[in-house]
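Read-outs: derived from the displayed coordinates by stated rules, not from any lab. Keep in mind that what you see is a predicted model, and the values were worked out from it rather than measured. Cβ: placed from backbone, ideal geometry, glycine included. Neighbour counts: every protein chain shown.
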Amino acid sequence: MSSNKKQASKNNLYIAGVFGYPVKHSLSPAMQNAAFRNAGLTVSYLPFEVKPEEAAFLIKKLAVLGVTGINLTVPHKEVAYKNVDFLSKEAKIFQAVNTITVKKGKLYGASTDGEGLRLGLKNEVGMEIKNKSIIILGAGGAGRSAAIYLAVKGAKRIIISNRTRNKALTAVKLIRKFAPRTAVICGPLTEDFVKKYAAGSDLIINATSLGLKPKDKPAVGSKAFRKGIVFYDMIYSPALTSTMKAAKRAGARVYNGLSMLLYQGAISWELWTGKKAPVKIMQKALLKELKNRTNKVC
Ligand code: NAP
């Protein structure tokens, strides 16, 4: 087992991939393979369509199979959390793992989504989190993790707006536990609720899945936004979502979630290789892959 791994590192052979269900939409193979190629590493980063009932078994076998690292996407982040040997601080807080690194036969679980979002906001939008007032639409896996991470990173106030109240309350409890200095409010996913807090906020993030389909209604309508506020939609395909269009009409500065995808992937790559990620190369590969797919649809 560990001799396989030693052999792999000697030959610079990395076996990696992403577990998802479904997974064929994932842009990670294009981005990660470009990074491995750029670094001169022999690699196969593959999409694995893993059924929910198979995930725990396959995760436990990663070391035996000589795998270097795995990303986990929906719906496998929680099962990965329960089946690794060690957890990063963030993975413990979010109770979710999106990156597994195999070292000496042991599985290390990390969650890079929160830091990916923070770096996307910093590098693409030019926004630091400290002392900001942030509204988060959605309290599913991504919304909850973002709310807690941004609070831990020093946000002054987090407002969670979600359709299902209980999920918003879970996020509120976790923020009170892990970031007690951050003020936290929750309410329904309505234009009126968001509008009430937008005036005193710096940033609105969409972490609902509304907008994934071109015909989806916006998560909240135009009146929820104010002129000049930053709106960041975690969705990156389509590149301009229905909620981004609504925010634009109100004069908001709008961004999609491609930078979050890029930086969470770059951090995963650094965990696996111990090298600095070639972010520009990864970004170029992501944009190229998105363009190819859009052309195919048209
Ligand atoms: P999830 O756990 O399934 O949560 C979905 C969220 O959307 C929940 O808040 C849910 O509200 C809300 N929602 C779904 N349908 C709705 C509807 N018809 N009306 C109102 N609210 C609705 O999914 P997730 O993993 O958090 O992902 C959320 C989004 O973030 C997805 O679009 C995903 O693609 C994106 N994402 C992007 C990145 C990136 O790297 N850019 C990373 C992670 C996720 P309820 O709680 O009421 O069900």
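Over the C-alpha trace of segment 114-258, radius of gyration and Dmax come out as 13.4, 40 angstrom. Straight-line cross-link partners of LYS51 among the lysines, defined as a Cα under 17 Å from its Cα and at least 8 positions apart when in the same chain: LYS24, LYS60, LYS61, LYS77, LYS82. How fast does the chain diffuse by Stokes-Einstein, in µm²/s, taking the Kirkwood radius from C-alpha pairs at 10 °C and 1.306 mPa s? This corresponds to a translational diffusion coefficient of 81 µm²/s. The H on the amide N of ILE205, modeled in the peptide plane, is under 5 Å from the matching H of ILE135, ILE136, LEU137, TYR232, each at least 5 residues off or on a different chain. Working note: 222 nm ellipticity from helices only, DSSP H runs with n ≥ 4, each -39,500 (n - 2.57), summed and divided by the residues of the chain, gives -12500 deg cm²/dmol to the nearest 500. At full extension, ALA239 and ASP192 could sit 14.3 nm farther apart than now, given 0.36 nm per residue minus the alpha carbon distance. Rounded to the nearest 10 degrees, the angle from helix 165-178 to the longest Cα principal axis of the chain is 70 degrees.
Gain on full extension, evaluated as 0.36 nm per residue between LYS130 and LYS284 minus their Cα-Cα distance, stands at 52.5 nm. Between ARG293 and ARG163, the contour length at 0.36 nm per residue exceeds the Cα-Cα span by 43.6 nm. The angle between the Cα long axis of helix 258-273 and the main principal axis of the chain comes to about 30°, on a 0 to 90 degree scale. Under 20 Å of direct C-alpha separation, and excluding same-chain neighbours fewer than eight residues apart, LYS276 reaches these aspartates and glutamates: ASP113, GLU115, GLU124.
Each residue in TYR81, TYR14 was given a count of other beta-carbon atoms within 10 angstrom of its own, and listing them fewest first yields TYR81, TYR14. The angle between the Cα long axis of helix 141-152 and the longest principal axis of the Cα atoms of the chain comes to about 80 degrees, rounded to the nearest 10.
If you run the Gaussian network model on the chain, springs between alpha carbon atoms under 10 Å, then out of PRO180, PRO218, PRO47 the most flexible one is PRO180.
Once you've got the Cα coordinates, tell me which of LYS213/LYS288; LYS103/LYS291; LYS104/LYS173; LYS167/LYS280; LYS173/LYS227; LYS103/LYS280 are over 29 Å apart.
LYS103/LYS291; LYS104/LYS173; LYS167/LYS280; LYS173/LYS227
Here's the picture: charge each Lys and Arg Cβ at +1 and each Asp and Glu Cβ at -1 in the chain, and of LEU119, VAL84, LEU27 the one pushed furthest to the positive end of that dipole is LEU119.
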